[in-house]
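**Q** Submitted below is the structure of interest, expressed as structure tokens.
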Amino acid sequence: MPITWSPELDTGIDVIDRQHGRIVEYINALELAHAAHDRAAVGQTLDDLVDYTMSHFAFEESLQEDAGYPFAKAHKRVHELFVRKVGEYVERHRLGDDVSEELHKLLATWLMNHIKRDDADYVGAVKTSMIGIIAEKREKKEEGGWFSRFFKRSH
């Protein structure tokens, strides 16, 4: 059964929500490849899913670190454990096991729980950090470029 994105999965951080949506697309593609009995497509989708998810995790972890999120290390550890678990499925697939259905259930369940619990927990810290960064950029922009700084100094 394909995963359907719902507003309750939105974190409120657009880039993260788009990335989560892309992961859902990969999980659904995995299910379609399994239903078509296309072992090569399952393998390619698994590789793509793992690659994209690793990139997403790194991005998410950097946001948390930049925001000073106090549980960033614990969140990273959750990611590491998940990657290890998925890696076991990928290895089983390479050895000839049909892991698609089992893996789809794991991915769907894990992703939904992770977004609703773990990711929801860091959103406040990251949004606050992002607001601070935007404010700093506005301040610098209001100070103007070299031309306006030159004329401020000469008065």
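**Q** Applying the selection to the range 60-76, what residues are of a type in the set (D, E, K, R), surrounded by fewer than 19 Cβ atoms within 10 Å (Cβ to Cβ) and touching a residue at least 40 places away in the same chain (Cβ under 8 Å)?
**A** Here is the first cut: in the range 60-76, the residues of a type in the set (D, E, K, R) are 60-61, 65-66, 73, 76.
Cutting the leftovers down to surrounded by fewer than 19 Cβ atoms within 10 Å (Cβ to Cβ) gives us 61, 65-66, 73, 76.
Listed by number, the list holds a single entry, ASP66.
**Q** Is it the case, given these coordinates, that ALA125 is small (Gly, Ala, Ser), in contact with a Pro (Cβ under 9 Å, 6 or more places away or on another chain) and touching a residue at least 24 places away in the same chain (Cβ under 8 Å)?
**A** yes
**Q** Give the residues of the range 2-39 that are assigned to a loop (DSSP other than H, G, I, E, B) and either at positive phi or buried (at least 17 other Cβ atoms within 10 Å of the Cβ) (or both), sorted by residue number.
**A** Within the range 2-39, ILE3, THR11, GLY12, ILE13, HIS37 qualify.
**Q** Return the only residue of LEU46, LEU95, LEU81 being over 18 Å from ALA125 (Cα atoms) and either in contact with a helix residue (DSSP H, G or I) (Cβ under 6 Å, 6 or more places away or on another chain) or of a type in the set (Asp, Glu) (or both).
**A** LEU46
**Q** While we're here: List pairs: first in the range 77-101 and without any contact (Cβ under 8 Å) to a residue 12 or more places away in the chain, second of a type in the set (Phe, Trp, Tyr) and assigned to a helix (DSSP H, G or I), Cβ under 9 Å, 6+ apart or cross-chain?
**A** Pairs found: GLU80/PHE57; ASP97/TYR89; VAL99/TYR89.
**Q** Follow-up question, since we're still on this one. Assess whether THR109 counts as being surrounded by fewer than 18 Cβ atoms within 10 Å (Cβ to Cβ) and on the phi < 0 side of the Ramachandran plot.
**A** When the stated conditions are applied, THR109 passes them.
**Q** Taking the stated definitions as given, is PHE57 under 13 Å from the mean Cα position of the chain (by Cα) and surrounded by 13 or more Cβ atoms within 10 Å (Cβ to Cβ)?
**A** Answer is yes for this residue.
**Q** HIS114 - would you say it is at pLDDT 85 or above, within 30 Å of ILE27 (Cα to Cα), in contact with an Asp or Glu (Cβ under 6 Å, 6 or more places away or on another chain) and part of a helix (DSSP H, G or I)?
**A** no
The values are calculated or read from the model by the stated rules, or taken from the named source; none is laboratory data. This is a predicted model, so every value here is computed, not measured. With ideal geometry, Cβ positions are generated from the backbone for all residues, glycine too; neighbour counts draw on all protein chains shown.
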